[in-house]
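The values are calculated or read from the model by the stated rules, or taken from the named source; none is laboratory data. Because the structure is a prediction, the values reported are computed rather than measured. In this analysis, Cβ positions are derived from the backbone assuming ideal geometry, glycine residues included, and neighbour counts consider all displayed protein chains. With ligands, DNA and RNA removed, areas are computed over all heavy atoms of the protein, side chains included. Shrake-Rupley method; radii C 1.70, N 1.55, O 1.52, S 1.80 Å.
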Amino acid sequence: MSIKMISIKEEVTLALNNLNEAELQQVADYVAFLKFRTRLRPLKSLDYAHLANLYTEFAEEDRLLAEEGLEDYVTSLGAEDTQLNAISSSRWG
């Protein structure tokens, strides 16, 4: 008894011959995806030292922007409270 080895390409070809049109379209879409994926550059590994340097470089600027925005936020909350108090007083006052 001999065992016949077939290649992956032959195995796929045999499987394709048994698919209907809708299944073949799915296979064609997947092949297109595989071709697209191979054209993309692989992502470089992250350089954590570089990321730490960037974090340090921009930390002070980020803190200042956050504090500046926080003051505006507190002011807008105060204005909203004033409006809500006025509405509440006119309805329930």
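Evaluate the following for residue 59: is it assigned to a helix (DSSP H, G or I), surrounded by 10 or more Cβ atoms within 10 Å (Cβ to Cβ) and modelled with pLDDT under 95?
yes
If you take the residues in region 35-54 that are within 21 Å of the chain's Cα centre (by Cα) and surrounded by 10 or more Cβ atoms within 10 Å (Cβ to Cβ), which one is farthest from residue 9 (Cα to Cα)?
Per the criteria, the residue is 51.
Do we have any residue at all in region 68-89 that's open to solvent by less than 90 Å² (accessible area, probe 1.4 Å) and within 26 Å of the chain's Cα centre (by Cα)?
Taking every residue of region 68-89 in turn, none turns out to be open to solvent by less than 90 Å² (accessible area, probe 1.4 Å) and within 26 Å of the chain's Cα centre (by Cα).
Residue 65: surrounded by 10 or more Cβ atoms within 10 Å (Cβ to Cβ) and under 22 Å from the mean Cα position of the chain (by Cα), yes or no?
no
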